[in-house]
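Note sheet for the following structure.
The values are calculated or read from the model by the stated rules, or taken from the named source; none is laboratory data. Keep in mind it's a predicted model, so treat the numbers as computed, not measured. Here the Cβ is made from the backbone with ideal geometry for all residues, glycine too, and neighbour counts use every protein chain on show.
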Amino acid sequence: MNRSKSYVRLVLMPSLVLVMLLIPFSARVQTLSDMVSDGKPLALRVGVSGEVGQVLVKQGEQVSKGQLLLKLDDTVFKAQLEAAAAYLEQSEAKSKLHKGDYEREQELYAEGSSSTVRLQQQENQWLASKAEYAQAKAQHLQAQQSLRLSTISAPVAGEIVAIAYEGQRVLMERGDAVLVKLQVR
């Protein structure tokens, strides 16, 4: 295992850095000003599938940078976040419990009151619960991100030239996620 970590550190990471340095920065990043300089309206999207819950502006309306334009119905996203938070709390408690059990088993083993098999079982339980906790953290972050991605705010000031309607279904898989077109002033 140490050999594979060494390979990643010594061979792969420097190679990745070299590739990043060889690609011109301008080829990797497209700025907002690049996107609006052609005079075409900006196509704004949500980052998740759902149903449009609130349209907060009208076609033809002037909007300012940062203004909230549209929100998907966030009922499902909030429920997912709540469930993920509960799972995170539960798995954290479980991991702490198993860590304590493992540490007690180490003490018993050191005193000669426990077997190697029992010590290994406790360690495996702790490592499994630690992995479950890491998974719960990832799910919680993903649920937070989904909730954030369910809204559209104006990245720049401009005029709304097209907007979705309340109740409109948005499926990311179909690529129909353009919900607002904003003409930059």
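Of the residues that sit in region 48-75 and are within 26 Å of Arg185 (Cβ to Cβ) and in contact with a Ser or Thr (Cβ under 8 Å, 6 or more places away or on another chain), which one is surrounded by the fewest Cβ atoms within 10 Å (Cβ to Cβ)? Quick ask: steps written out before the conclusion?
We begin by selecting, within region 48-75, every residue within 26 Å of Arg185 (Cβ to Cβ); these are 52, 54-71.
This time we only want the ones that are in contact with a Ser or Thr (Cβ under 8 Å, 6 or more places away or on another chain), so: 66-71.
Numbers: Gly66: 10, Gln67: 15, Leu68: 13, Leu69: 21, Leu70: 23, Lys71: 18.
My answer is Gly66.
Only one of Leu32, Leu88, Leu81, Leu44 is surrounded by 18 or more Cβ atoms within 10 Å (Cβ to Cβ), modelled with pLDDT under 95 and not charged (D, E, K, R). Can you tell me which?
Leu44
Among the residues of region 135-174, write down those that are in a loop (DSSP other than H, G, I, E, B), under 16 Å from Leu72 (Cα atoms) and not acidic (Asp, Glu).
Leu149, Ser150, Ala154, Ala164, Tyr165, Gly167, Gln168, Leu171
Which one of these does Trp126 not meet: (1) within 16 Å of the chain's Cα centre (by Cα); (2) crowded, with 18+ Cβ neighbours inside 10 Å?
Among (1) within 16 Å of the chain's Cα centre (by Cα); (2) crowded, with 18+ Cβ neighbours inside 10 Å, Trp126 violates only (1).
Restricted to region 58-93, and to residues that are hydrophobic (A, V, I, L, M, F, W, C) and not in a helix (DSSP H, G or I), which residue is farthest from Arg45 (Cα to Cα)? First the steps, then the outcome.
Taking region 58-93 first, the residues hydrophobic (A, V, I, L, M, F, W, C) are 63, 68-70, 72, 76-77, 79, 81, 83-86, 88, 93.
Checking which are not in a helix (DSSP H, G or I) leaves us with 63, 68-70, 72.
Working: Val63: 16, Leu68: 13, Leu69: 11, Leu70: 10, Leu72: 11 Å.
The selected residue is Val63.
Need the failing condition index for Tyr102 against (1) over 21 Å from the mean Cα position of the chain (by Cα); (2) closer than 30 Å to Gln183 by Cα; (3) not basic (Lys, Arg), just the number.
Evaluating Tyr102 over (1) over 21 Å from the mean Cα position of the chain (by Cα); (2) closer than 30 Å to Gln183 by Cα; (3) not basic (Lys, Arg) leaves (2) as the failure.
Touching a residue at least 60 places away in the same chain (Cβ under 8 Å) and hydroxyl-bearing (Ser, Thr, Tyr): is that true of Ser64 in this structure?
Working: touching a residue at least 60 places away in the same chain (Cβ under 8 Å): yes; hydroxyl-bearing (Ser, Thr, Tyr): yes.
In short, yes.
For region 103-118, does any single residue satisfy the condition of being of a type outside the set (Val, Ile, Thr) and in contact (Cβ under 8 Å) with a residue 24 or more places away in the chain?
no
Considering only region 73-100, state which residues are in contact with a Leu (Cβ under 9 Å, 6 or more places away or on another chain) and in contact (Cβ under 8 Å) with a residue 40 or more places away in the chain.
Answer for region 73-100, where residues must be in contact with a Leu (Cβ under 9 Å, 6 or more places away or on another chain) and in contact (Cβ under 8 Å) with a residue 40 or more places away in the chain: Asp74, Phe77, Lys78, Gln80, Leu81, Ala84.
All but one of (1) of a type in the set (Gly, Ala, Ser); (2) farther than 21 Å from Glu92 by Cα; (3) modelled with pLDDT of 95 or more hold for Ala143; state the number of the condition that does not hold.
Just one mismatch for Ala143, condition (2).
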